[in-house]
Amino acid sequence: MTDVPATHPRYASLRTRDAIVAGVEKGVTSIHGLVAHGRGEAFDYLLGERSHDFALDATDAAAAMLVAAERPVVSVNGNAAALVPGELVALAAAVAAPLEVNIFHASKERERTIREHMEAHGAPDVLMPTRHAVLDHIDSNRRFVNPDGIQAADVVFVPLEDGDRCRALVRSGKRVITVDLNPMSRTARTATVTIVDNVIRALPLLLERVGARRDDTGAARALLDRYDNERVLRAAEAAVRTGR
Ligand code: PTJ
């Protein structure tokens, strides 16, 4: 781990880099995950590395969608597992959703390592992709899912996603919540709810909102009726372009 003094102006960003590098070293994160992280960092820099109002609105809608869901699932890839493992475990427990490993860069060994990593962070059970449940409308490794998890889900939480699977999930009739710092990505534009924020900041905020919404699914549904993801994306893109 890099010896970064807490007073360093880029302390939080550098510690997050360390977490991704540690993920690669442990075999949790794909080497490609470093590149994806760098892209995210660039957008975060343009967004001032803070959670904007459009992110908070989307986070509230995501919480509402998760508490109102019949069969929610929390999907885990190598970057999310490295950056927010404990928060993903807490989120899954808070909305009674299984965690399911689903990765783009195919590797049986990495799938197992991610499962063990999540278990080490307190996950009681982690669903794995199978060969007998296959998502339609997609050809990558992400098509292999679990029959008791993503295949049967009505709402799937997919932080740091690739656009193809997001589209396939939506075309399969599922509602998709994503966290993506790039409001122009295919994932951001295809998801039902897009939280344009760093997953590091978004997960604690989402957990807090789930706690606040848990006891009132009627209010959660009413909020979802009013929610407009297009408006959120327009505001996020404007923030990236203008720096405000
Ligand atoms: O573990 P795997 O094999 O499933 O691979 C995971 C990655 C993320 C490497 C894979 O899904 C991938 O290649 O994703 P993309 O297509 O590069 O997209 C990642 C998106 O996440 C980009 O739009 C980035 O801007 C965004 N992103 C990166 N880091 C963060 C982020 N969004 C939120 N928080 C971050 N920390």
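For segment 11-28, give me each residue that is of a type in the set (A, V, I, L, M), out of contact with any Leu (no Cβ under 9 Å at 6 or more places or on another chain) and more than 15 Å from residue 86 (Cβ to Cβ). Can you show your working first?
Residues of segment 11-28 of a type in the set (A, V, I, L, M): 12, 14, 19-22, 24, 28.
Of the ones still in play, those that are also out of contact with any Leu (no Cβ under 9 Å at 6 or more places or on another chain) are 12, 14, 22, 28.
Passing the criteria: 12, 14.
Counting residues that are among the aliphatic types (A, V, I, L, M) and open to solvent by 30 Å² or more (accessible area, probe 1.4 Å), which helices (runs of 4 or more DSSP H) fully inside segment 147-244 reach at least 1?
Result: 163-171, 199-213, 217-226, 229-242.
Filter segment 105-137 down to residues that are touching a Lys or Arg at 6+ places or on another chain (Cβ under 6 Å) and within 15 Å of the ligand (Cβ to nearest atom) and give me whichever is farthest from residue 26 (Cα to Cα).
Of segment 105-137, the ones touching a Lys or Arg at 6+ places or on another chain (Cβ under 6 Å) are 126, 134-135, 137.
With within 15 Å of the ligand (Cβ to nearest atom) added as a condition, the list becomes 126, 135.
Details: 126: 18, 135: 29 Å.
Checked segment 105-137; the qualifying residue farthest from residue 26 (Cα to Cα) is 135.
Would you tally the residues in segment 191-244 being more than 13 Å from residue 61 (Cβ to Cβ), hydrophobic (A, V, I, L, M, F, W, C) and within 16 Å of the ligand (Cβ to nearest atom)?
Within segment 191-244, residues that are more than 13 Å from residue 61 (Cβ to Cβ), hydrophobic (A, V, I, L, M, F, W, C) and within 16 Å of the ligand (Cβ to nearest atom) number 7.
Among the residues of segment 200-217, is any under 29 Å from residue 104 (Cα atoms) and of a type in the set (S, T, N, Q)?
No, segment 200-217 has no match at all.
Can you tell me which of 83, 66 is touching a residue at least 60 places away in the same chain (Cβ under 8 Å) and in contact with a Pro (Cβ under 6 Å, 6 or more places away or on another chain)? So that I can check it myself, show each step before the final result.
Numbers: 83 fails: in contact with a Pro (Cβ under 6 Å, 6 or more places away or on another chain).
Every option except 66 fails the conditions.
Looking at segment 112-127, I want the residues that are more than 10 Å from residue 89 (Cβ to Cβ) and have a partner that is open to solvent by less than 70 Å² (accessible area, probe 1.4 Å) and polar (S, T, N, Q) with Cβ atoms under 6 Å, at least 6 apart or on another chain. Which pairs are those?
Short answer, once both residue conditions are applied: 127/146.
The values are calculated or read from the model by the stated rules, or taken from the named source; none is laboratory data. Since this is a predicted model, take the numbers as computed values, not measurements. Don't worry about glycine lacking a Cβ; one is built from the backbone with ideal geometry, like all the others, and counts go over all protein chains shown. With ligands, DNA and RNA removed, areas are computed over all heavy atoms of the protein, side chains included. Shrake-Rupley method; radii C 1.70, N 1.55, O 1.52, S 1.80 Å.
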